[in-house]
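Student: Got a structure for you, written out below as structure tokens; questions coming shortly.
The values are calculated or read from the model by the stated rules, or taken from the named source; none is laboratory data. From a predicted model like this one, the values you see are computed outputs, not experimental measurements. Cβ: placed from backbone, ideal geometry, glycine included. Neighbour counts: every protein chain shown. For accessibility, only protein heavy atoms count, side chains too; no ligands or nucleic acids. Shrake-Rupley method; radii C 1.70, N 1.55, O 1.52, S 1.80 Å.
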Amino acid sequence: MRTAWRLSVAAWLLWLAACAHPLPHAPAPDDAATGPRSLLLVSLDGVHPDDLARGDTPNIDRLAREGVHARWMSPSYPALTFPNHYTIVTGLRPDRHGIVHNTMSDPDLGRFTLKMRDAVGDGRWWGGEPLWVTAERAGLRTAALAWPGSEAAVQGVRPDRWFLFDETRPIDERIRTVAGWLSEPEDTRPRLALLYFEHPDGAAHAHGPGSPQLRAAMREVDAAIGRLLDELGRSGAAARTDIVIVSDHGMAEVPAGQVVAIEDMVDPADAVLVSAGQVLGFRPQAGREADAERRLLGRHAHWQCWRRHELPARWHYGRHPRVPPIVCQMDPGWDALPREHIARRPPGTRGSHGYDPADPSMRAVFVAGGPSFRRGVALPPIDNVDVYPLLARLLGLQPVGDDGDPRALLPALREPGEVADGTGTPAH
Ligand code: AMP
Ligand code: ZN
Ligand code: ZN
């Protein structure tokens with residue numbers, strides 16, 4: 001009797017499971033042969049769509065031709081490295097995930113800069129829930145070769161394999177490591193792997209967008225991606241590996257001499273500089289608020305400043321407590337630096353980012369290919385908050401961050417499936 005009851009419950013559960021909605025990304029039938037798919041997310045720091053249009057990137061071009069690419073991807077505000085890398089993996093704008101700049105201050109945590117390894121590795125700075133945390137909690141292995149945020153224990157969780165950022169790590173070693181991960185047997189292979197290249201950003205800062213040095217860096221990272229794809233083909237991993245290549249922001253040319261001394265923007269006796277660069281944050285000195293505001297707020301020749309709560313709404317920025325009281329935005333092609341740094345600067349054209357995400361120079365790239373993607377699809381421009389829901393779907397995970405539109409990138413997928421928004425009505 002008991003056994004019969006158990007059997008009928010089991011049959012009922014089976015029937016229920018069959019009727020239930022499929023997972024966001026139901027495995028395709030051929031997965032039976034290849035095992036579960038892995039997802040590789042690659043970042044090429046500072047790459048603009050123009051950098052993929054000069055004939056320097058045959059391997060990325062092929063991936064785009066045989067897969068999907070967006071005309072461009074808009075970065076989130078501010079168009080800086082850490083805020084945007086973390087947006088791509090959390091689905092949250094920087095104002096919500098808390099990495100509001102590359103340099104920040106927090107009343108409890110103190111200072112944060114890219115060079116402060118303790119801060120970069122301290123999970124308390126990193127809000128939201130990066131995809132690798134959600135994946136690890138769901139029992140999926142993850143591995144990151146220095147994606148910003150991956151060296152911190154966020155909510156107490158790190159990728160299964162993670163590395164300190166090390167600019168001296170040769171490109172080839174990075175490629176061999178990641179190709180090795182993705183070729184492992186199913187029981188150890190990461191289902192999510194992340195790979196980061198800083199080289200294009202460094203070359204474009206020093207010599208300008210489109211410079212011979214940037215083009216050489218593009219050829220170098222493209223050749224590395226070519227070797228990675230070859231290796232995945234040789235090991236048989238290519239048939240079960242989805243690859244998404246993104247950048248965090250583009251790059252604008254800064255002609256020689258287009259630099260403003262920060263001391264000329266405001267007297268340091270009136271306001272303290274919290275965040276420097278093309279997006280500047282100032283905190284008025286106690287009792288000097290009116291002077292600081294009189295000096296800074298409004299339009300100037302090459303920049304504009306706002307109280308943080310009055311920033312343009314399209315930037316979705318200014319609510320997080322780490323955003324300083326006054327935010328100044330440089331015009332494209334203009335830098336702001338302390339006077340002593342200006343004196344030490346090498347002459348000539350340079351590159352900078354951190355300008356208005358709507359400026360064409362700040363456009364980033366999105367290219368994807370692999371078994372889950374359609375072939376030869378050109379997408380209209382996308383927003384970088386929309387990448388995360390796609391990544392979550394590819395891993396079969398319920399997205400946590402909700403600033404992106406889960407429908408925006410469905411046209412990229414072979415089997416788009418359904419989007420549940422919990423209300424029974426179409427999302428957005
Ligand atoms: P930026 O151009 O100022 O927005 O920052 C880009 C730079 O950040 C790169 O050139 C790298 O040197 C640096 N960077 C990237 N990832 C990390 C990391 N995980 N830790 C420290 N620095 C990093
Ligand atoms: Zn960057
Ligand atoms: Zn940069």
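Student: Kirkwood Rh over alpha-carbon pairs of segment 259-347, then Stokes-Einstein at 4 °C and 1.567 mPa s: what D in µm² s⁻¹, rounded to an integer?
Tutor: Diffusion coefficient, whole number: 97 µm²/s.
Student: What whole number of Å gives the distance from the Cα centroid of segment 314-331 to the Cα centroid of segment 340-416?
Tutor: Using only Cα atoms to place each centre, the spacing works out to 21 Å.
Student: Where in the chain are the DSSP H helices whose alpha-carbon span along the long axis reaches 27 Å or more and whose Kyte-Doolittle mean is at least -1.0?
Tutor: 212-235
Student: In the chain, once you exclude exposed trypsin sites (Lys or Arg not before Pro) (DSSP loop, at most 14 other Cβ within 10 angstrom), what's the longest stretch remaining?
Tutor: The answer is 116-318.
Student: In sequence order, what are the phi-derived ³J(HN,Hα) couplings for segment 303-314 according to the Karplus relation 6.51 cos²θ - 1.76 cosθ + 1.60 with θ = phi - 60°, rounded to whole Hz, with x for glycine and proline?
Tutor: Rounded to whole hertz, the list is 7, 9, 10, 9, 5, 4, 7, 10, 5, x, 4, 5.
Student: Related question: Around Leu379, which amide H atoms from residues at least 5 apart in sequence, or from another chain, sit under 5 Å from its own amide H, with H modelled in the peptide plane?
Tutor: Sorted by chain and number, the residues that satisfy this are His69, Ala70, Arg71.
Student: Continuing with the same structure: Let me make sure I get this right: for segment 135-261, a, b and c are the square roots of the gyration tensor eigenvalues over alpha carbons, sorted descending. Under 1.5 in a/c it's rounded, otherwise prolate if a/b > b/c, else oblate. Which is it?
Tutor: oblate
Student: State, as an integer percentage, the relative contact order of segment 259-347 based on alpha-carbon contacts under 8 Å between residues 6 or more apart.
Tutor: The value is 37 percent.
Student: Per residue of segment 329-336, what does 6.51 cos²θ - 1.76 cosθ + 1.60 with θ = phi - 60° give for ³J(HN,Hα)? Whole Hz please, x for Gly and Pro, Karplus curve as stated.
Tutor: 3J(HN,Hα) across segment 329-336, in whole Hz: 10, 6, 6, x, x, 10, 9, 10.
Student: On to the next question. Give me the Kirkwood hydrodynamic radius of segment 242-301 in Å, from all C-alpha pairs, to one decimal place?
Tutor: The Cα-based Kirkwood calculation yields 14.1 Å.
Student: If you don't mind, another one. So what's the gap between the Cα centers of segment 225-303 and segment 199-217, to the nearest angstrom?
Tutor: First find each Cα centre; the distance between them is then 17 Å.
Student: With a probe of 1.4 Å, find how much accessible area segment 236-283 has per residue, and write the answer as a whole number in Å².
Tutor: Here the per-residue accessible area is 28 Å².
Student: When the gyration tensor of the chain is built from Cα positions, what are the square roots of 5 times its three eigenvalues, in whole Å, from largest to smallest?
Tutor: Computed over the chain, the values are 40, 26, 19 Å.
Student: Now a separate question. Taking all protein chains as present, what is the carbon and sulfur share of the accessible area of segment 259-347, in % to the nearest whole number, probe 1.4 Å?
Tutor: So the carbon and sulfur contribution to the accessible surface is 53 percent.
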